[in-house]
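Heads up: the structure comes next, in C-alpha cells.
The values are calculated or read from the model by the stated rules, or taken from the named source; none is laboratory data. Just so you know, these numbers come straight off a predicted model, no measurement behind them. Reconstructed Cβ throughout: ideal geometry from the backbone, glycine too, with neighbour counts over all protein chains shown. Accessible surface is based on the protein model in full, side chains and every heavy atom, while ligands, DNA and RNA are left aside. Shrake-Rupley method; radii C 1.70, N 1.55, O 1.52, S 1.80 Å.
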Amino acid sequence: MKYYLSVFINLLSFTVIAQEPVQTIRGTITEKATGAPIPGAGIKLLSINPAKIATTNENGDFRFENIPVGRHNIVVAAPMYNPASVNNLMLTSAKELVLNISLEETVTMTEEVVITTEKGKQNPLNEMSTVSARQFSFEESARYAGNINDVARMAQSFAGVGGSDDSRNDIIVRGNSPIGVLYRLEGVDIPNPNHFAIAGTTGGPISMLNNNLMANSDFMTSAFAAEYGNATSAVFDLKMRNGNNEKHEFVGQFGFNGAEILGEGPISKKSKASYLFSYRYSTLEIFKLLGIEFGSTAIPKYQDLNFKMNFPHKKGSLSVFGLGGISKVELLSKDIDTSNNLYAQQGENLYFNSKVGMVGISHNLLINSTSFFRVTLGATGQFTHIVNDSISYVDLVARPLYRNNSVRAKYSLILLYNKKFSAKHLLRVGAYIDQQYFRLSDSLYKSTWDKFITLSDFNGSAYLLQPYTQWQWRPTNKFTVNLGVHTMYYTINEKLSVEPRTGIKYSFGNNNAVSLGYGLHSQVAPSNVYFEQLQLADGSYARVNTNLDFGKAHHFVLGYDKVLGEKVRLKTEVYYQMLYNVPVDVQKNSYSILNQGANFGIGFPDSLQNSGTGTNMGAELTLEKFFSKGYYYLLTVSLYDSKYKGSDGVERNTAFNGNYLINVLGGKEIALGKKDTDGKRSMKNILTFDVRGTVNGGQWYTPANEAISKLIGEVVLDDSKAYSLQYPAYFRVDFKIGFKRNGKKTTQQWSVDLRNITNQQNVFTRQFDPKTGTYYSTFQTGFLPVAQYRIEF
C-alpha cells in the first residue's frame, strides 16, 4: 500500500510545462427508429467558451477539432425531432471521441419539449423496453469500485441485483436463480461468457467480455420486450462499438484480469471500414507469486479474444464479430485451505478444461427512410472436459468419481424487420432460429458396482424457434404504449409457448413518469437435464426428461420516475413474479431448479416434472446523480421476498431470499492542472476516488443429517430442513483510487482497487465434515488490492 501511495505522490508532483493536449470529437446523428442519417442537424459543444457549433452533412456526420482534453457536454437538435443532450463525455489526448447519437421523431410539435440532462442514460437503448431497464456505458463498468472491468459485477450495483459470491460474477435478480439470465451480444444469444464456466450456469470467476470494446448497452430485470426470449430473470443486451475508421489507436493494459492489447483503426479510409480487437492472457500466476489470494489455491490459466470489423455502405453496413476463450485449472485436494477456497471440495481432485467461442456476421440494410431489414448469422460453441476424482480418507489414493467430455454448438439465423409508419406508429417483427448440436457424454463412478454409470450419452440436434412481433404507439410525446408477442417452440420436447408482453409509460409535469409492464416469460431447462439417462432394473437406459416443459413466469411491474434536479433522478418500482411449470423432482422432496446456478456446477435428480411453483415480490428505490461537476453517486435499496414449492408442496425460502439489498456508491474526479482565464482547471492530470458499499441478507442453506452422515462417511443433507438456515448478512466496502495523465499523444492511467477494504469475513458455505462430525465455514475473498496500469496511444 505504501508503494502505491508513493507512486501517486510522484505522479502528482509532475508540472505542466507542455502545451495543453487537444483531440477531435466527431460522430454521426441518426434517426432512432430506423438508423437513417439525419443531415442538417445542429450540434453545440457547450463545455468550452465560446461554445462551438457544427452541422451534420448528408451522411449525418459532424466534427469538432482541436478540443482541449477533459469533460464535454453536447446538445443536438434537428427539425421534427426531439432534442437530445450527451453530457460529461471524457476526451483524452490519445483517442478521438467518436459518438453515435440517435434522435426520436417528435409526435406533435405543439407540445413543449424539455431537454433533461442525461436523458439517454435513464432510458434504455431499446425503445420497446418500458420498465425495469436501464442503459449503461463502458465508463461505468470501468469506473465503479470493485468491478474489475466486468459488466456483470457492475450490474450488482443496480437495484434488485446481487451477487452469489466474491469470486464469481453470477447475478441474482429479484430473488431469481442466476440460470435465468440471458446474454445477447450484437443480437446473438451466446452461452455463458465467462472463463471456467459450467454449461447451464451464467456466471464465472472472470468475464471473457472485454469492456473496452463495449458500446452503450441495456440491462433489463423484468417484463422484457417481446424480442427477448428464453429467459426468466434478466437480460444483458450487449453492443460492441465500431473501431475508429480514420485513425489507428492502441491500448495496453495490465492488471488482475490479465495482460491485454487492444487495437482499432481503418481497414480502408475510403470506404470507412474499420477493425477492432483485443487479446488477453492470464496474469494471475504473478499475483499468486506475490501472495495475493483470489478464492482458490490453484492457478487458473486462460486467454480470450474479442473482435469486430465493420464495413459500411450507402444502404447500411456489414459487420463481422466474435469472441472466444480458453480456460484450464486443476483444483487438488492436497492444496486446499478449507478457510479460503471457494471452488474445490475437500477430498476431491478436479481437472477442468473448457473452450467457448462465438462468431457472427450481420447485414443491416436501410430499405428506405422509414424501414430497415437486418439478417444475422451466428455460430456458438462450448467444449467442456472434466475429470473429477475422490480422495480416500484412509489411504489418500485418488479414485474415479466423475467424467465429462461434452460439446454444445449452435447455428443461428436472426431476422429483423423494422418499419416506422409515422412518428406515432412503429412495427418490429423478427425471429430467432437456432439449430442446436449436442455431443454429451458424462458418467459417475459407482463404487458398489465398481464401474461408471452413464448419466448422459447423446449425439444429435434440435431446433429452438422464437418468432416475435412488437408494435409501439405514441399518441403524444408523453405517452408510449409497447405491445408484443414472443413465441417459442422447442423440438426436443415439442412444446409451444405464446407469451404476451405489454409496456405503458406516461410522462407528466415534465419531471414525472409512471410506467406499467407485464410479460409472460419461459425458459428451456439446461441441456443436460433433457438428456439425462436413468438406468433401469434390466440394465438398459431411458431418457426420462425429454418431455419436460418450459419453466414459466408472469412478471408484473409498476414504476415511478422523477427528475429531482438537473442531474438527479429518483426511480421506484414494485413488482410481483409468479413462477410456475418449475422443474422439480418426481419424488416428493424439496428440490427445485429455482435454487440452482449459484455454485460451480448444476446438480439435479434423475427424473423431473413441471409441478413446482415460486413467487418473487418486492419494492426497489434508486436515487442517482449522473456524473457532473466532478462527482456522481448511486443509492439502491431493495426489499423483497422469494419463496418456492418443491414436489412435496411445502413453501420455503429460496436459496437467494436475502430479503434486503442496499448499495451505496459514488466517486469524485479532481483536475490537478492550472486554471485558465475562465477559472476552469486543466484536465491534463486527473485524480479519481471511488467507493462502493453493499449489504444484503445472507443466502439460505440446508443442514446435514449429522447422524447419517457420520455413519456412512459422506455428507447427507436433511431434506426436512431444506433452506431453513441462513448465512450471516453479507457486508463489503470497496475503495478505488486512480490517476490519469494526458500527454501529447498518449494517455496513461494508474489505479488501485482495494476490494473488501475492511477485510470482512463473509461466509460462503457451511460444510459438514463426516470424518470429524463438525461443521466448518468457507469464507469469501478477504481484502484484495487489485492494481492496474493502462496506456492509450
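Data for the structure
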{"read-out": "Some residue of segment 390-400 being assigned to a strand (DSSP E or B) and either free of Cβ contacts under 8 Å to residues at least 40 places away in the same chain or under 24 Å from Gln466 (Cβ atoms) (or both)", "value": "no"}
{"read-out": "Looking only at segment 108-142, and only at residues there that are at pLDDT 90 or above, surrounded by 23 or more Cβ atoms within 10 Å (Cβ to Cβ) and among the polar types (S, T, N, Q), the one that is farthest from Thr34 (Cα to Cα)", "value": "Ser132"}
{"read-out": "In segment 644-701, the residues that are β-branched (Val, Ile, Thr) and touching a Ser or Thr at 6+ places or on another chain (Cβ under 6 Å)", "value": "Thr654"}
{"read-out": "Identity of the residue in segment 685-717, over 25 Å from Glu669 (Cα atoms) and charged (D, E, K, R), that ends up nearest to the chain's Cα centre (by Cα)", "value": "Glu714"}
{"read-out": "Among residues of segment 227-270, those that are in contact with a strand residue (DSSP E or B) (Cβ under 6 Å, 6 or more places away or on another chain), within 30 Å of Asn418 (Cβ to Cβ) and of a type in the set (S, T, N, Q), counted", "value": "6"}
{"read-out": "Top-ranked residue of segment 17-52 - restricted to ones that are more than 24 Å from Lys629 (Cβ to Cβ) and surrounded by fewer than 16 Cβ atoms within 10 Å (Cβ to Cβ), ranked as modelled with the lowest pLDDT", "value": "Ile17"}
{"read-out": "Test: residue in segment 716-727 that is part of a strand (DSSP E or B), more than 30 Å from Lys95 (Cβ to Cβ) and not hydrophobic (A, V, I, L, M, F, W, C)", "value": "yes"}
{"read-out": "Residue identified as open to solvent by 20 Å² or more (accessible area, probe 1.4 Å) and either free of Cβ contacts under 8 Å to residues at least 12 places away in the same chain or of a type in the set (Phe, Trp, Tyr) (or both) among Tyr575, Tyr640", "value": "Tyr640"}
{"read-out": "Qualifying residues in segment 718-728 (those that are more than 31 Å from the chain's Cα centre (by Cα) and open to solvent by less than 70 Å² (accessible area, probe 1.4 Å)) - the one nearest to Ser592 (Cα to Cα)", "value": "Asp719"}
{"read-out": "Failed condition for Val715, given (1) open to solvent by 50 Å² or more (accessible area, probe 1.4 Å); (2) under 21 Å from Asp166 (Cβ atoms); (3) not charged (D, E, K, R)", "value": "(2)"}
{"read-out": "Count - residues of segment 617-655 that are farther than 30 Å from Asn88 by Cα and touching a strand residue (DSSP E or B) at 6+ places or on another chain (Cβ under 8 Å)", "value": "17"}
{"read-out": "From Gly612, Gly666, Gly630, residue being open to solvent by less than 60 Å² (accessible area, probe 1.4 Å), in contact with an Asp or Glu (Cβ under 8 Å, 6 or more places away or on another chain) and at pLDDT 95 or above", "value": "Gly666"}
{"read-out": "Number of the condition not met by Leu99 [criteria: (1) within 26 Å of Met128 (Cα to Cα); (2) under 30 Å from the mean Cα position of the chain (by Cα); (3) in a loop (DSSP other than H, G, I, E, B)]", "value": "(3)"}
